[in-house]
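Below is one structure, written out as structure tokens; the observations come after it.
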Amino acid sequence: MSHLMDTSGHGGGSVLAAGTPTIDPAGPVPQLVIAALVGVVVIIALITWLKVHPFIALTIGALGVGIGAGLAPDKAVTSFGTGFGDTMTSVGILVGLGSMFGKLLVDSGAADRVVDTLVRRSSKAALPWTMALIGALIGLPMFFEVGLVLLIPIIVLVAKRSDVPVMRIAVPALAGLSTMHAFVPPHPGPLVAISTVGANLGTTLAFGIVLAIPVVILAGPLFAGFAARWVDVPAPDLFGARGGAGTGAGGGSDPAHEGRQARRGRATQDTASLPNGKSDFTRVISEPRSPSFAVALVGILLPVVLMLAQAVREATSPDAAGTWVGVLDFLGTPMIAIGIAAVYAMVFFAIGGGMDRSAVSKSLESALPPVAGVLLIVGAGGGFKQVLIDTGIGGVIADAVKDSGISVLLVAWVVSALVRVATGSATVATVTAAGIMAPIAQDLSSPVVSLLVLAIGAGSVFLSHVNDAGFWLVKSYFNTTVGQTFKTWTVLECLISVSGLLGVLLAGVFIH
């Protein structure tokens, strides 16, 4: 059984298998090139200048490219709809299940437990490395924005307790989070790139984790020493008193919180502010009613282990048969692996966190609205990709890249980085670059297609600046100036991007 995400000739067939070699161009080559360039410029202008939502911008740009390239209007609409539907089928379910898992991870206290356990067992010298690990672990199941809001108060609390400069703590945690977001499924960016170019999810997951380790070390603990010297700012005051009574965002006593604390048992850690999806609230980590560290860690790693096991089986014993092969392939299918993790969270996180059935239902329900916009952007990116293929533009782009003699991996990074710098959105950069590079992927081996996904992911986080919401979130939380945010967050993102590219290019020398 091939991966659900294998949509190319490398692992099963469908959309891209009928790609550019068998499609007649919709118009002359100059017309196709002009249509593609104008379409991308229109998308960028709509997002950056007119502040149009990326979903609408991608839709308008895709339909404009199709009609401008010579497709009949109804054919352009059909092509866009086909690509949208195919992408949502392969990516939408996974994003929804992953969001539910992440929400239960937070609401049950499982995320608290992982962080608390790792921090308590770390010395002051080891704290930057521990925070990098925490950022990576939280980054595996969490969407970037949710993970960032979750990590900020943890970073501040750890910095105040340990009397370590806040940037020594913040930079490694943010590096771990951002690196997972760029390289490792089930984040929407890597997922849509995998689906669009037809990569094998298990192989990409394995490569992404291996690549992430040195990238996190370089952009995290190693860079943190420089960042702390360049920007020596105090930890912001996000918390109230220690111990017993919690304090809300406004600093006052919260009787409802005190009642929860009394019911749950003896509080063992400081009060910390954590996200509830809409605003910060106060929570106390308590021994009796939080999932254990082992239970939480198993839940986080479960889908990764299942998908990696299937990928290893596929690589080492591709012709194997038997019951165990069928079971392993079934469990390693992305939808099943992430679905199992979601059910695990419903059972073990909920029980460990003292959640009743109504609380679990509310948590699952509240997990979906925040990802609706992401799903629409991802789907529109899939529609844009299909229009490029059906007009024949993809074939023109593929031929141009092959004839140029430039590394396909470098081209993928440049395209993604340019869109990222122009729009400020890693997701838009990923879906746009993946659509442009999809036809080229058909002529590459399966491992190289996985590297192509990672090159796109590396480019998608390059040079975060004033048009990126993440830039302003970091600036606001740490009370830094624009210049200080450039010296820390922007440099961190560039290190992740460039070191990720170098790692991909190095791997490309040995992988063909």
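Listing for the model above:
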quantity	calculated
Accessible heavy-atom area order of Phe101, Phe84, highest first, probe of 1.4 Å	Phe84, Phe101
Estimated vicinal HN-Hα couplings, Hz - segment 312-323 in sequence order (Karplus 6.51, -1.76, 1.60; Gly, Pro = x)	5, 4, 5, 7, 8, 9, x, 9, 5, 9, x, 4
Packing-based order for 55-62, 141-148, using average beta carbon neighbours within 10 Å, highest first	141-148, 55-62
Share of carbon and sulfur in the accessible heavy-atom surface of segment 33-124 [1.4 Å probe, %]	74
Relative contact order, percent, segment 66-182 [alpha-carbon distance under 8 Å, six or more residues apart]	26
Neighbour-limited loop hits for trypsin sites (Lys or Arg not before Pro), segment 71-160 (at most 16 other Cβ within 10 Å; DSSP other than H, G, I, E, B)	Arg121, Lys124
Rounded accessible area of Asp390 (nearest 10 Å², 1.4 Å probe)	50
FRET efficiency for Ile209 and Ser366, using Cβ-Cβ distance with R0 set to 41 Å, rounded to 0.05	0.90
Sulfur and carbon atoms: percent of accessible area, segment 138-207 [1.4 Å]	62
Portion, in percent, of the accessible area of segment 304-435 that falls on carbon or sulfur, probe 1.4 Å	71
Segment 314-389 shape via C-alpha gyration tensor axes, a/c threshold 1.5	oblate
Burial ranking of peptide ranges 318-325, 219-226, 189-196 (average Cβ count within 10 Å, highest at the top)	189-196, 219-226, 318-325
Cross-link table Lys51/Lys385; Lys103/Lys362; Lys51/Lys103, entries beyond 19 Å C-alpha to C-alpha	Lys51/Lys385; Lys51/Lys103
Between segment 48-106 and segment 453-473, the alpha-carbon center distance in angstrom	20
Accessible-area value, Ser366, 1.4 Å probe, nucleic acids and ligands omitted, Å²	50
Cα centroid separation - segment 351-378 against segment 294-329, whole Å	26
For segment 372-499, accessible area per residue (1.4 Å probe, heavy atoms of protein chains only), Å²	27
Rounded to whole Hz, the Karplus (6.51, -1.76, 1.60) HN-Hα couplings of segment 448-462, x for glycine and proline	5, 4, 5, 5, 4, 4, 5, 5, 5, x, 5, x, 6, 10, 6
Shape category assigned to segment 366-411 from the gyration tensor of Cα positions, a/c cut at 1.5	oblate
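The values are calculated or read from the model by the stated rules, or taken from the named source; none is laboratory data. These numbers were taken from a predicted model, which means no experiment stands behind them. Reconstructed Cβ throughout: ideal geometry from the backbone, glycine too, with neighbour counts over all protein chains shown. The protein model used for the area step is the full one, side chains on, heavy atoms only, and it has no ligands, DNA or RNA in it. Shrake-Rupley method; radii C 1.70, N 1.55, O 1.52, S 1.80 Å.
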